[in-house]
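Written below as structure tokens is the structure these notes are about.
The values are calculated or read from the model by the stated rules, or taken from the named source; none is laboratory data. Computed from a prediction, not measured in an experiment: that's the story for all the values here. Glycine also receives a Cβ, built like all others from the backbone with ideal geometry; neighbour counts cover every protein chain displayed.
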Amino acid sequence: MRFTWFNLMPWPYLPDDFREKHRSVWVDIPNRLYDPVKGNAVYHEYMDQLEYADELGFDGIGVNEHHQNGYGLMPSPNIIAASLARRTSRAAIAVIGNSIALYNPPIRVAEEFAMLDVISGGRLIAGFPVGTPMDTNFCYGQIPALTRDKYAEAHTLIRRAWAEEEPFAFDGKYNQLRWVNCWPKPIQKPHPPIYIPGGGSVETFDFCIDYDYNYSYLSFNGYLAAKSLMDSYWERVAARGKDASPHRAAFAQIIAVADTDAEAERLYKEHILYFYNRCLHVAPAFQNPPGYRTIKTIKATSLAMLQRRAQGRQPEVTWQGLVDGGMVIAGSPETVRQRMEELIKTLRVGHVFCLLHTGNQTDEKTRHNSRLFAEQVMPKLRHLWPEWDADDRWWIHPLEQRVVPNGRVASHLQ
Amino acid sequence: MSTRTIETPRGTRVRVLDFGLADNTPLVYLHGLNGLLDDTKVFELLAERHHVYVPELPGYGESSGEDLLEDMLDFTLHGWDVVVALGIHRPILVGHSMGGMVAAEMACLAPDAVDKLVLVDAYGLWLEDEPIPDIFAFLPFEFGDYLFHDPERAAALLTGGTDAADPESLRDFFIGNARSLGTAGKMLFPIPNRRISKRLYRLTTETLVVWGEHDRLMSPAYARRWGALLPHSRVVSVADAGHMLPYEQPAALARAVQAFIP
């Protein structure tokens, strides 16, 4: 089992009446709510926490990309990752990822990921999301019905740019480049491990399976709700004749550890409710631009939120509802261990993105949560898939001896 | 009315409604972003004087092959492919909403092949001071509010009489929208301006611009802008009509067209 410490980097100062005053935390949230002076401290706190996670022994530290978003302050995750590549020397740096259809031309992603892989000594995990409709269509103006086609072309271009050793011409529909020539190129061969964050689009399954990419189901609905989707994923894996290595899949989970179950509620409740009630307040209007989802996927989606009578009526979530529903795994180290084991076994995942900072959680509580998980939970979950312990196909392959800042040399600690 | 399906050389399949006498002057009507609604009154009225052809755009209703159409030039050439496949020579082109954008592009591309042009609440321009609402961020029930002067009529017309509060009907409506507005997005997303204004100098065809006084997507300022950009044009405003003017005031539209084309 592998565990990546992940921070969405939410803005922790959304006002109490945010839900009443604003229709969405994403796309049209007015940026007068952002204060760059406070932001200076927020970025450093979040980046310090990612570095702390490396010290605590997490296998990876993770960042992602969102735009015009009050709960995701990383429009450019590569900037954060670049800093982590210098300030850490052990953990995988999981950039989950760059929305490759948004880079013009997408060779930019091939170049920047190669830079990160080389600077970090081969520690990059490269994520290629299609991108949410909020980011891709409404914020970055891509035509919904052509987004997947453009994504597919960008993927082809990046893979070829990493593989070829001579310049080549690329005559794409969205990108015409007479000279493609990727300098630098990644350390990891044939490429860094590729992870595809999915939100449930059925088309993404086959793409991951056929290319042997990791399917990372990033949902804030928790592991109980994810079961049926992950079951269909594993059915597809079997149907396409691939082995059932749990390392083919990852899952993101909000986790809150304290000395006792009651203490977990006392410490983390307000911050987790902040996340669900303010940070996830996304207008339904921005979630379904016609053409973004395929008809097949729409048929499998609930549309009740699109009804007139549903507007403004999403009920506030409660702590008990979140814990019972598995959206949040919270409690004593033993409670968390049991539920994590259940998550790992029922979803059949070899990798968990651990959301140990949630909403407006303070730095002190975040470090407490992370330390308890690393010291008292993680070690007991390490070997839940003993027959697949040696399977490193979806993991980084760093240099044995790699240079770190000031000319020092670090050796591979694994 | 009769209906047939034609296939264009590109490979799209297009359902075409046909109204009026074969001997009359041909008029091709290009529908708007919401496609063809059940109500055919406006076509029957236009057919009193013209032979009216109403092709349905691929991606809408029974027409297919929308994956073959990706950008504005594709949609413009598709329009001409349909005219050719129908065996029509120098038609009158009437375009509503998104169909107006296509009709104007067709006329810019081949001005001599168009007899007269009628633009009804047509897309294609963008005025900095009058930003067009983002139809792609509408919830299903909001279309009625924005498209019609009278939202009461909207619900019945847009959903074909089904109940938008019923989950199954909502799903069908949403799936239909995903396909049709997904196609429309290739012309209209994210800003419905594919720079036709720089081609309008080619449009020497006599043009009538008809606009709903209460169009909540594009205010009458857009009608005035079309009028200013087209030297051979006149602008007519229609009362008690929103963006869906052809369905809200079919008689007024037919009268305006007949007055323009004696």
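For every residue, the table says whether it meets (1) touching a Leu at 6+ places or on another chain (Cβ under 8 Å); (2) not in a loop (DSSP other than H, G, I, E, B).
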site: B:LYS186; (1), (2): yes, yes
site: B:ILE191; (1), (2): no, no
site: B:ARG194; (1), (2): no, no
site: B:TYR201; (1), (2): no, yes
site: B:THR205; (1), (2): yes, no
site: B:ASP215; (1), (2): yes, no
Practice problem: State yes or no: is B:ASP163 assigned to a loop (DSSP other than H, G, I, E, B), within 14 Å of chain A (Cβ to nearest Cβ) and at pLDDT below 95? | Solution: yes
Quiz prompt | Number of positions in region A:132-169 that are buried (at least 19 other Cβ atoms within 10 Å of the Cβ) and more than 14 Å from chain B (Cβ to nearest Cβ) | solution = 7
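State yes or no: is A:VAL27 over 26 Å from A:ASN369 (Cβ atoms), over 13 Å from the mean Cα position of the chain (by Cα) and of a type in the set (Val, Ile, Thr)?
Yes; evaluated as a whole, the condition is true for this residue.
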Practice problem: Taking A:ALA82 as meeting all but one of (1) surrounded by 22 or more Cβ atoms within 10 Å (Cβ to Cβ); (2) in a helix (DSSP H, G or I); (3) within 20 Å of the chain's Cα centre (by Cα), write down the number of the exception. | Solution: (1)
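Residue-wise test of (1) free of Cβ contacts under 8 Å to residues at least 40 places away in the same chain; (2) within 14 Å of another protein chain (Cβ to nearest Cβ); (3) over 12 Å from the mean Cα position of the chain (by Cα).
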{"site": "B:GLY100", "(1), (2), (3)": "no, no, no"}
{"site": "B:ALA103", "(1), (2), (3)": "no, no, no"}
{"site": "B:ASP112", "(1), (2), (3)": "yes, no, yes"}
{"site": "B:LEU117", "(1), (2), (3)": "no, no, yes"}
{"site": "B:VAL120", "(1), (2), (3)": "no, no, no"}
{"site": "B:GLY124", "(1), (2), (3)": "no, no, no"}
Quiz item: What are the pairs, 6+ residues apart or on separate chains, where a residue within region B:170-188 that is more than 7 Å from every other protein chain (Cβ to nearest Cβ) and under 12 Å from B:LEU139 (Cα atoms) has its Cβ under 9 Å from a residue that is of a type outside the set (Asp, Glu) and not in a helix (DSSP H, G or I)?
Solution: B:PHE173/B:THR159; B:PHE173/B:GLY160; B:PHE173/B:THR162; B:PHE173/B:ALA164
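Quick one: how many residues across region A:57-77 are buried (at least 21 other Cβ atoms within 10 Å of the Cβ) and in contact (Cβ under 8 Å) with a residue 24 or more places away in the chain?
Total meeting the criteria: 14.
Could you list, in sequence order, all residues of region B:139-148 that are farther than 20 Å from B:PRO246 by Cα and either more than 10 Å from chain A (Cβ to nearest Cβ) or modelled with pLDDT of 95 or more (or both)? If you could, list the steps in order and put the result at the bottom.
Let us first name the residues in region B:139-148 that are farther than 20 Å from B:PRO246 by Cα, namely B:139-141.
Within region B:139-148, none qualify.
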Practice problem: Could you figure out which of (1) buried (at least 24 other Cβ atoms within 10 Å of the Cβ); (2) within 14 Å of chain B (Cβ to nearest Cβ) isn't true of A:ALA53? | Solution: (2)
Self-check item: Odd one out for B:HIS243, checked against (1) in contact with an Asp or Glu (Cβ under 6 Å, 6 or more places away or on another chain); (2) loosely packed, with under 15 Cβ neighbours inside 10 Å; (3) assigned to a loop (DSSP other than H, G, I, E, B)
Solution: (2)
Quiz prompt | Any hit, region A:270-289, residues being modelled with pLDDT of 95 or more and more than 26 Å from A:GLY131 (Cα to Cα) | solution = yes
Quiz item: For A:GLU112, which of the numbered conditions (1) part of a helix (DSSP H, G or I); (2) under 30 Å from A:HIS22 (Cα atoms) fails to hold?
Solution: (2)
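Does B:PHE136 qualify as being buried (at least 24 other Cβ atoms within 10 Å of the Cβ), aromatic (Phe, Trp, Tyr), within 14 Å of chain A (Cβ to nearest Cβ) and not in a strand (DSSP E or B)? If you could, list the steps in order and put the result at the bottom.
On the way: buried (at least 24 other Cβ atoms within 10 Å of the Cβ): yes; aromatic (Phe, Trp, Tyr): yes; within 14 Å of chain A (Cβ to nearest Cβ): yes; not in a strand (DSSP E or B): yes.
Yes: the conditions hold for B:PHE136.
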Quiz item: Is there a residue in region B:191-203 that is over 16 Å from the mean Cα position of the chain (by Cα), modelled with pLDDT of 95 or more and among the polar types (S, T, N, Q)?
Solution: yes
Quiz item: Out of region A:261-291, which residues are more than 13 Å from A:ILE329 (Cα to Cα) and either within 14 Å of chain B (Cβ to nearest Cβ) or of a type in the set (Ser, Thr, Tyr) (or both)?
Solution: A:TYR274, A:TYR276, A:VAL282, A:ALA283, A:PRO284, A:ALA285, A:PHE286, A:GLN287, A:ASN288, A:PRO289, A:PRO290, A:GLY291
Quiz item: Any residue at all in region B:64-78 that is more than 14 Å from chain A (Cβ to nearest Cβ), under 30 Å from A:THR294 (Cα atoms), in contact with a strand residue (DSSP E or B) (Cβ under 8 Å, 6 or more places away or on another chain) and in a loop (DSSP other than H, G, I, E, B)?
Solution: no
Exercise. Would you point out the residue of region A:246-292, among those that are part of a loop (DSSP other than H, G, I, E, B) and under 20 Å from the mean Cα position of the chain (by Cα), that is surrounded by the fewest Cβ atoms within 10 Å (Cβ to Cβ)?
Key: A:LEU280
Quiz item: In the list B:LEU46, B:LEU37, B:LEU30, which residue meets the criterion of being closer than 16 Å to B:LEU253 by Cβ and modelled with pLDDT under 95?
Solution: B:LEU37
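Return the residues of region A:311-334 that are modelled with pLDDT under 90 and either more than 30 Å from A:GLU265 (Cα to Cα) or polar (S, T, N, Q) (or both); say none if nothing qualifies. Break it down into steps so the answer makes sense when it comes.
Start the filter on region A:311-334 by keeping residues that are modelled with pLDDT under 90, which leaves A:311-317.
The answer is A:GLN311, A:GLN314.
Condition check: part of a loop (DSSP other than H, G, I, E, B), touching a residue at least 12 places away in the same chain (Cβ under 8 Å) and touching a helix residue (DSSP H, G or I) at 6+ places or on another chain (Cβ under 9 Å). Does B:ARG225 satisfy that?
Values: part of a loop (DSSP other than H, G, I, E, B): no; touching a residue at least 12 places away in the same chain (Cβ under 8 Å): yes; touching a helix residue (DSSP H, G or I) at 6+ places or on another chain (Cβ under 9 Å): yes.
No.
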Quiz item: For residues in region A:187-208 being in a strand (DSSP E or B) and of a type in the set (A, V, I, L, M, F, W, C), which is surrounded by the most Cβ atoms within 10 Å (Cβ to Cβ)?
Solution: A:ILE196
Quiz prompt | Given (1) outside any loop (DSSP other than H, G, I, E, B); (2) closer than 25 Å to A:LEU280 by Cβ; (3) out of contact with any helix residue (DSSP H, G or I) (no Cβ under 7 Å at 6 or more places or on another chain), number of the condition A:ALA226 does not satisfy | solution = (3)
Quiz item: What single numbered condition from (1) out of contact with any Leu (no Cβ under 9 Å at 6 or more places or on another chain); (2) within 30 Å of A:ASN7 (Cβ to Cβ); (3) surrounded by 14 or more Cβ atoms within 10 Å (Cβ to Cβ) fails to hold for A:TYR211?
Solution: (3)
